Amino acid sequence: MFMKSTNKKYLLGFSFLICLALGIVFGKHIIARVFSPDAVYEVGPSAAYLGGGVPVYAQEASNIIIGVVKAIGVPQDNNDGRLVVQQEVSIDVKEVLKGDALQKSVRVFMDATRTPDRGFISEVDFKPGEKVLLFFGGDGSGHYAVFSGPAGKYLLDENNDVISSGGEKLSLADMRVQISNAMKAPPIIKHNIDPVPYSGEISPKQAGANSAMKY
Amino acid sequence: MIISYNICKPVKLRVFLNRNGNFGNGFLNKIEMKTSYLKVIFLTLAYILVFSFGSAIAWAYGLTGYRWGGTSATYNINNAFADSFRAAFWSSAGAWNTAGSRFRFNYGNITTRNPNIYIGYISDGYSDIGHVNAGDTAGRIAKSNGWLSGNTFTESDTTFNTYYPFTTVGTPNSNDVQDIMTHEFGHWLRLNDVYAHRTQPSYCDYSYEATMCGYFVNNETNKRSLESDDTDGIKAIYGI
């Protein structure tokens, strides 16, 4: 025998308990990974987002607010053949950390994609009633857009902790300090020219110039 | 014959050899270990296995579920881009062309077409790289789009947001255009952004070198070259 009979029984029982425990803890995760390997299905407008986190976002965002998601619109196609779909989200503003302090509510527009077999998929997920801290920028057509996509949205939990879409958590107080410090710091990102409203195809000369790119 | 190995005090592995000096068929039957140490060893091995497995199956690449009909696509470049930018785009395409899959990007022409994905773009049957300052200040450095016919892609376009500066030569506070276009070509192939990875559960940043990471910092060049996650993705879609 491999070992004494009593030891074998003991080990088998022990192994069973370990497998049971591991299965409870990791089973769901493992099964999900094995049977849905790495696939995230969506299609459509994909942006390369500015990274750098709060130090960059606090400087670059035109508005930073704390609010509650009031309503989520249905993604709408402009029906003129252009591949652009937007979804509107209304936010009740509870506190303004940057930007227009008079705002009671804001409408945020997100890119969404119409897929042939999976309906609409939005750039950023919202749920009604969520308490959120949001960084906004302009989308060039007079609408707010969540700054840098999913990374510009933070959830606030019942303890007033701020949770990034990636799952990182920090206190709201710490977030306020980070935002405040970032806004006092020298600009990290530079821009070519002031943004201009889009009014047709911009000619190469109008698009501005910089030292590395000629138009 | 008995040979004793002191593996670690006081674990003793006793191996019984037969008269010919071989282990013989009954080798395993003659190993004895103290039960308490077996428990420790078994538990350790179990956890190593679980965590190794968990790590190995972490995020790698994201698929949109669609693909090009064939194994090639032709791209055109707006005529306002400087020669150095055009060369950067060629390098970006080359990175994917040498990724080990069957797919190939082919360079078409310089064009006056200038797709503006920031306001939407009407399909014209051409896959173009363009630029615009559309007033988008929401951190979207570049955007790519695609057109489906059924579940098959027939066209993709990329627009660079010239509100943000771009460079090919490391100009400070600028975005490396080859870095970004290599990422955007990944979208053309219908790979998705990847935001989390093995060692960094939150959004990827410059420390994560996979090209399909969706976030960029100024002057990073990590994404010019593909990582195994990226090449695994294109091979999964188009084969090798």
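Descriptive notes on the structure:
- Under the Karplus curve 6.51 cos²θ - 1.76 cosθ + 1.60, θ = phi - 60°, whole-Hz ³J(HN,Hα) for region B:62-78, x wherever Gly or Pro sits: x, 10, 7, x, 10, 7, 6, x, x, 10, 8, 8, 9, 10, 10, 10, 4
- Legend: calculated FRET efficiency, residue A:120 to residue B:219, from the Cβ-Cβ distance at R0 = 35 Å, rounded to 0.05, equals 0.45.
- The residues packed around residue A:180, meaning those with a beta-carbon under 14 Å from its beta-carbon, carry a net charge of +1 if Lys and Arg are +1 and Asp and Glu are -1.
- Of the residues A:106, A:89, the one with the fewest other Cβ atoms within 10 Å heads the list, and the complete ranking is A:106, A:89.
- Amide H to amide H, with H built 1.01 Å from N, residue A:86 comes under 5 Å of A:76, A:112, counting only residues 5 or more places away or on other chains.
- A simple rule links phi to the HN-Hα coupling: the Karplus curve 6.51 cos²θ - 1.76 cosθ + 1.60 with θ = phi - 60°, which for region B:92-104 gives 4, 5, x, 4, 6, 5, 10, 7, x, 9, 7, 6, 9 Hz, with x for Gly and Pro.
- Here's how it looks for residue B:164: its modeled amide H is under 5 Å from those of A:192, which are all 5 or more places away or on a different chain.
- Around residue A:67: net Lys/Arg minus Asp/Glu count, Cβ-Cβ under 12 Å: +3
- Per-residue ³J(HN,Hα) for region B:141-146, Karplus 6.51 cos²θ - 1.76 cosθ + 1.60, θ = phi - 60°, Hz, x for Gly and Pro: 5, 8, 9, 10, 9, x
- Amide H contacts of residue B:104 (H built 1.01 Å from N, in plane; Pro and chain starts excluded): B:72, B:73 sit under 5 Å, all sequence-distant by 5 or more or on other chains.
- Each Lys or Arg adds one and each Asp or Glu takes one away; over the other residues whose Cβ falls under 12 Å from the Cβ of residue A:153, this sums to -1.
- Averaged over the residues of A:48-59, the number of partner chain Cβ atoms lying within 10 Å of the residue Cβ comes to 6.
- Residue exposure proxy: A:62, B:149, ordered by other Cβ atoms within 10 angstrom of their Cβ from fewest to most, comes out as B:149, A:62.
Every number here is computed from the coordinates shown, using simple stated rules; none is lab data. Note that the structure is a prediction, hence the values are computed from the model and not measured. Every residue, glycine as well, gets a Cβ built from its backbone with ideal geometry; the counts of neighbours run over all protein chains shown.
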